[in-house]
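Trainee: One structure coming up, written as structure tokens, with questions to follow.
The values are calculated or read from the model by the stated rules, or taken from the named source; none is laboratory data. Every value quoted in this text rests on a predicted model; they were computed, and no experiment measured them. Cβ: placed from backbone, ideal geometry, glycine included. Neighbour counts: every protein chain shown. Quick note on the areas: whole protein, heavy atoms, side chains included, nothing else; ligands and nucleic acids left out. Shrake-Rupley method; radii C 1.70, N 1.55, O 1.52, S 1.80 Å.
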Amino acid sequence: MPTIIVADASLSMLRPIGSNYGPEVLDDDIPTRKTLTMEVINQFVDHVSAHCKLEFVALMTFSSASVVERTFTRDLYLIRESVLTIPTHDVTNYDALLSGITKLVSDSWGTTVPIQILLVTDGSLGFGSGSLRDVARSGKKFPFPAKINILSLCDPEDKNFAESCQMLQKLIEVTCEDGCIYLPENHLNSKECSTLVEKICAKDYTPYKGTVKCGHMSSKVTLCPPPQPFVSKGDEKRYDISETIEVLGFISVNDMASPPVHSRHLLLPLKSSDGKSTGKGDEGEDSDSNVPNFCVLLHGALKVASEYYCVMCEVGTEWFGFIHAFSDSKKKSNLILSILSPGTNVIPWLGNMQHLGPKEDFIQKKTVQGDSVAVPCFPVKHGDKKSYIATPNQTTVWLTPGGLNADIQKLLRHARKLPEKTQQFYKELNRMRRWALALGFDSILETIAAVLERECISTSHPEASIQLPPVCFYPGSTTSIQLITSQTKIYSSHSLILSCIPLCILATPTCSNKFTYDNVSLSRYKDAAF
């Protein structure tokens, strides 16, 4: 899981730690919160380089503005170099911090990859816009899944210690709802901070160590990134990954298809004794490279048959996954463990996972024209027709901006030819709205409403000016609401109600999908629209 180390670079970080220093102690020898920050980051980087070598780490500083000192890299030596040159700027601005983190993650990973953030700060509240109080009250949530660990260098004897802890906790709740604050228990010193770093590493940066088992064969493995527990949203039930990954059998890639997965992990063989070879080598001792390894055997088999088979496995109680080979080049190949969501019926076309067995058990004999014919009944065919199934002439695909732009241009052409193209106009609008809601692409509805609003202003046909205003209405658009209000004074209420029939279908995303244009009475449309 990528990690961002964020260091506070405001002037308050230059404050010395403690005050009991004699005149013989030089100013440069007095430890400050900045030097403590450098020690904390170096200790954290040392742990990651030793136990989580595949982690991507970035370094950022913030004061009145955020600065990316080092973007995401696995070369942690570059991070150590950047730590030595951490600058000191002016005031503390947490708004700049959140904006900088969002931009860095969006540019590097998008909005779907979970990110861990380690924030090292003295807990200074700041003042004015962008202060900790202001951000804790009106901050925005990260557009990506994240977890914040805050290591506070605020001395428990400071008068703002209690308020600082409270505001930092609110910062976590506002931005990602997941994280923890680590505070010194007694006095602020190097030993206390070292203990806090050890707690952070033990909780979130401990590598997974388990066993892949298939019959009497087994192999020690590790997963990168380490799998996280799954908590069900409905009943808050917690599922933990087992230390034993049990191989259940091999299944055809065509039968597995491409199911939705909870997470994916590199599956790597684990060396014995934390990387130290056990046994005898060239001088009479066997090294790990000479010991048969089931993980290597499995990788070799799946690498050859990666287009045909994958491995179904059990990763926990009623929790399944599958292992397959992945090659990003001709010379480099890895084993990938894809973990499904907990449950036994997470892949509908496979049926209940606990009922799977040999393929011969899924062969049924049927009589066809007097002859007995073996008919496979696997994968399981679902009897219900899904609402999102692709039907002829109704398939919508937006893989590139050009496809979306073509659909909007087609909609505009029909709008300019109203009322002759009324039926085609509403058909296209229904299709685009239905697909946008299926993807969660609500912003495109606002864009379509704005485009049609401009078209309504420029159109000269009176019928088009009646049809377009209600369609242009979208919640949150004040100009569209004003436009409808002005049209109400000109046209009769009967015409307005008729023109608002598409409103509850085409422009209101909160409306139930069971409403259809053909079989819902006008009174129901009237109630839904107004």
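Trainee: What part of the accessible area of the stretch 3-204, given as a whole %, is carbon or sulfur when the probe is 1.4 angstrom?
Mentor: Its accessible area is 52 percent carbon and sulfur atoms.
Trainee: Now for a different question. Can you pull the accessible area of Met167 for me, 1.4 Å probe, Å² to the nearest 10?
Mentor: Accessible area, nearest 10 Å²: 20 Å².
Trainee: Which ³J(HN,Hα) values in Hz, rounded to whole numbers, follow from the phi angles of the stretch 334-344 under the Karplus curve 6.51 cos²θ - 1.76 cosθ + 1.60, where θ = phi - 60° and Gly and Pro get x?
Mentor: 9, 8, 10, 9, 9, 9, 7, 5, x, x, 9
Trainee: Would you check the accessible area of Val451, probe 1.4 Å, heavy atoms only, in square angstrom rounded to 10?
Mentor: Counting only protein heavy atoms, the figure is 30 Å².
Trainee: Given the protein chains as shown and a 1.4 Å probe, how many square angstrom of Ser129 are accessible, to the nearest 10?
Mentor: In the full protein context, Ser129 sits at about 100 Å².
Trainee: Need one number: % antiparallel among DSSP beta bridges in the stretch 3-204, to the nearest 5.
Mentor: Roughly 20 percent of the DSSP beta bridges within the stretch 3-204 come out antiparallel.
Trainee: Next question, about the same structure. With all protein chains present and a 1.4 Å probe, how do His89, His187, His216 order by accessible area, largest first?
Mentor: Result of the area sort, largest leading: His216, His187, His89.
Trainee: Still on this model: If you take the charge dipole of the stretch 3-204 about its Cα centre, with +1 on Lys and Arg Cβ and -1 on Asp and Glu Cβ, which of Pro87, Ile5, Thr195 is farthest toward its positive end?
Mentor: Farthest towards the positive end: Ile5.
Trainee: Under the rule of at least 5 residues apart or a separate chain, name every residue whose amide H is placed under 5 Å from the amide H of Asp122.
Mentor: Distant-sequence amide H within range of Asp122: Leu153.
Trainee: Something else: Mind listing which trypsin sites (Lys or Arg not before Pro) in the stretch 117-200 are in a DSSP loop and have 15 or fewer other Cβ atoms within 10 Å?
Mentor: Taking the stretch 117-200 and a limit of 15 other Cβ atoms within 10 Å, the loop trypsin sites (Lys or Arg not before Pro) found are Lys140, Lys141, Lys159.
Trainee: State in Å² the accessible area per residue of the stretch 3-204; use a 1.4 Å probe, count heavy atoms of protein chains only, and round to the nearest integer.
Mentor: Value for the stretch 3-204: 47 Å² per residue.
Trainee: If DNA, RNA and ligands are ignored and the probe is 1.4 Å, what is the ranking of Val45, Val91 by accessible area, most exposed first?
Mentor: Result of the area sort, largest leading: Val91, Val45.
Trainee: Turning to a different aspect of this structure: Local charge sum around Ile336 (other residues, Cβ-Cβ under 12 Å, Lys/Arg +1, Asp/Glu -1)?
Mentor: Spelling it out: positives minus negatives among the neighbours equals +1.
Trainee: Moving on. If the limit is 26 Å between Cα atoms, which of Lys103/Lys147; Lys103/Lys233; Lys159/Lys203; Lys34/Lys141 go over it?
Mentor: Table pairs above 26 Å Cα-Cα are Lys103/Lys233; Lys159/Lys203; Lys34/Lys141.
Trainee: Quick one: which residues, 5 or more positions from Gly249 or on another chain, have an amide H under 5 Å from its amide H? H modelled 1.01 Å from N in the peptide plane, none for Pro or chain starts.
Mentor: For Gly249, whose amide H was placed from the backbone, the distant partners under 5 Å are Met312.
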